[in-house]
Protein chains: 2
Amino acid sequence: MNDVICLCKSISPDEMQIIKAELPDENTSNQMAEFFKVFGDATRLKILYFLSRHELCVADLSLLVGMQQSAVSHQLKILKLNRLVKYRKDGVTVYYALDDNHIESIFAIARQHLMEQ
Amino acid sequence: MNDVICLCKSISPDEMQIIKAELPDENTSNQMAEFFKVFGDATRLKILYFLSRHELCVADLSLLVGMQQSAVSHQLKILKLNRLVKYRKDGVTVYYALDDNHIESIFAIARQHLMEQ
DNA sequence: ATAATATATGAACACATATTCATATATTGG
DNA sequence: CCAATATATGAATATGTGTTCATATATTAT
C-alpha cells in the first residue's frame with residue numbers, strides 16, 4: 001500500500017504515518033474479529049450462560065435453549081474451536097463446561113455498556 | 001414453553017428449573033449479541049483502533065483502513081448507532097472519535113484470551 | 001446561484017452464517 | 001452381534017452482512 005498523506009486538519013502527516021505503522025497486523029485484526037463474532041449470537045450467549053451456571057449435556061442444553069439438538073451441537077463446535085468450552089465424555093453422553101475465565105469479565109463489561117442507556 | 005425435565009445425571013430437575021428461570025430475557029440476549037457483533041468485523045476493529053489513537057475525519061480513516069470512503073461511512077454509522085464513536089462537524093468535514101471507555105478494557109481481555117495460545 | 005468538496009445513503013451483489021432435516025458415528029446393554 | 005441412545009456431521013436453505021457503485025445531501029467559496 002502507498003504512503004498515506006492526511007487530508008484533514010486534525011492530524012499531521014507524521015502522526016498519520018505513526019498510527020498507521022502501529023496498526024496490529026492483518027492476522028491480529030482477523031483473529032480478534034473471529035473471537036468477538038463468537039459472542040455475537042444470542043443462542044451461543046445462552047449456551048454460555050447456562051454453562052456458566054452448571055456443567056450440562058447436549059440434550060439438556062437443547063431443552064434449555066429451546067432449540068434442536070443438532071443446532072446446539074453445531075454451536076458447541078464453534079465454542080469448542082474457540083476454546084470457550086471444554087467437555088468430558090461419560091459413556092455416550094457428553095458434558096460441556098466453560099473453559100475460559102475471561103468470559104465473565106467480558107460479559108460484565110458488555111452489560112455495563114448496555115446499562116449506560 | 002413447557003417445563004424442562006433434565007435428561008442427564010449431572011444436574012437435578014430442580015437445578016435445571018432454576019438456571020432456566022434465571023436466564024436473562026430474550027431482549028437482553030439479543031442486545032448483547034448485537035453489541036458483540038459490532039466488534040466481530042476486522043474493518044470496524046481497525047477503525048476503532050485508529051480512533052483510539054486520534055480523532056480522524058472520514059477521508060483519513062478511509063486512507064488508513066485502505067477501503068472506500070463509502071464503506072467507512074457505512075461502518076461508522078454502525079459504530080455510531082452502538083454509541084462506540086461520536087463525531088463533530090467542522091464545515092463539510094466530519095471528525096470521528098471514540099465514545100466509550102469500555103472499548104480499551106474489552107480489547108485487553110480479548111487480547112489476553114488470544115495470547116493464551 | 002454555481003461549482004467544488006466531504007460525507008451519507010440506497011441498491012445490488014457476493015459471501016457468510018444459523019437453523020433444520022436426514023443421517024452417520026460412537027457407546028452401552030442385552 | 002444387535003438394538004437403543006446421545007452426539008456429531010453434511011447438505012440444503014433462508015437470512016444476514018460487508019463492500020462497491022452510483023448518487024444524494026450538505027457546506028463552503030467564488
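The values are calculated or read from the model by the stated rules, or taken from the named source; none is laboratory data. Predicted model only: the values in this text are computed from it and were never measured. We place every Cβ from the backbone using ideal geometry, glycine too, and count neighbours over all the protein chains shown. These area figures cover heavy atoms from the full protein model, side chains too; ligands, DNA and RNA do not enter into them. Shrake-Rupley method; radii C 1.70, N 1.55, O 1.52, S 1.80 Å.
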For this session: Kindly provide the set of residues from segment A:79-101 that are within 12 Å of another protein chain (Cβ to nearest Cβ), closer than 20 Å to A:GLN69 by Cβ, more than 9 Å from DNA strand D (Cβ to nearest atom) and open to solvent by 40 Å² or more (accessible area, probe 1.4 Å), ordered by number.
Result: A:ARG88
Exercise. Among the residues of segment B:27-43 satisfying the criterion of being more than 7 Å from chain A (Cβ to nearest Cβ) and of a type outside the set (S, T, N, Q), which is nearest to the chain's Cα centre (by Cα)?
Worked result: B:VAL38
Exercise. Checking B:ILE19 against (1) farther than 24 Å from A:PHE36 by Cα; (2) more than 8 Å from every other protein chain (Cβ to nearest Cβ), which single condition isn't satisfied?
Worked result: (2)
For this session: Run A:LYS46 past the list (1) surrounded by fewer than 20 Cβ atoms within 10 Å (Cβ to Cβ); (2) within 7 Å of chain B (Cβ to nearest Cβ); (3) part of a helix (DSSP H, G or I) and report the number of the one that doesn't hold.
Result: (1)
For this session: Assess whether B:SER52 counts as being away from DNA strand C (no atom under 13 Å from the Cβ), modelled with pLDDT of 95 or more and surrounded by fewer than 19 Cβ atoms within 10 Å (Cβ to Cβ).
Result: yes
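How many of the residues in segment B:1-15 are facing another protein chain (nearest Cβ under 7 Å) and not in a loop (DSSP other than H, G, I, E, B)?
The total comes to 1.
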Exercise. For segment A:90-106, which residues satisfy the criterion of being out of contact with any strand residue (DSSP E or B) (no Cβ under 8 Å at 6 or more places or on another chain) and not in a loop (DSSP other than H, G, I, E, B)?
Worked result: A:ASP90, A:ILE103, A:GLU104, A:SER105, A:ILE106
Problem set entry | Residues (closer than 27 Å to A:ALA33 by Cα and either touching a residue at least 12 places away in the same chain (Cβ under 8 Å) or assigned to a strand (DSSP E or B) (or both)) located in segment A:59-79 | A:LEU61, A:VAL65, A:MET67, A:ALA71, A:VAL72, A:SER73, A:GLN75, A:LEU76, A:ILE78, A:LEU79
Seminar exercise, completed: If you go through A:CYS57, A:CYS8, the only one that is at pLDDT below 95 and open to solvent by less than 80 Å² (accessible area, probe 1.4 Å) is A:CYS8
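Yes/no per residue for (1) more than 23 Å from A:PHE50 (Cα to Cα); (2) of a type in the set (A, V, I, L, M):
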position: B:CYS8; (1), (2): no, no
position: B:ILE19; (1), (2): no, yes
position: B:SER29; (1), (2): no, no
position: B:LYS37; (1), (2): no, no
position: B:LYS46; (1), (2): yes, no
position: B:PHE50; (1), (2): yes, no
position: B:LEU64; (1), (2): yes, yes
position: B:ALA71; (1), (2): yes, yes
position: B:LYS89; (1), (2): yes, no
Exercise. Could we say that B:VAL85 is touching a strand residue (DSSP E or B) at 6+ places or on another chain (Cβ under 6 Å) and touching a residue at least 12 places away in the same chain (Cβ under 8 Å) here?
Worked result: yes
Exercise. Away from DNA strand C (no atom under 12 Å from the Cβ) and either more than 18 Å from the chain's Cα centre (by Cα) or not in a strand (DSSP E or B) (or both): does that describe A:GLN112?
Worked result: yes
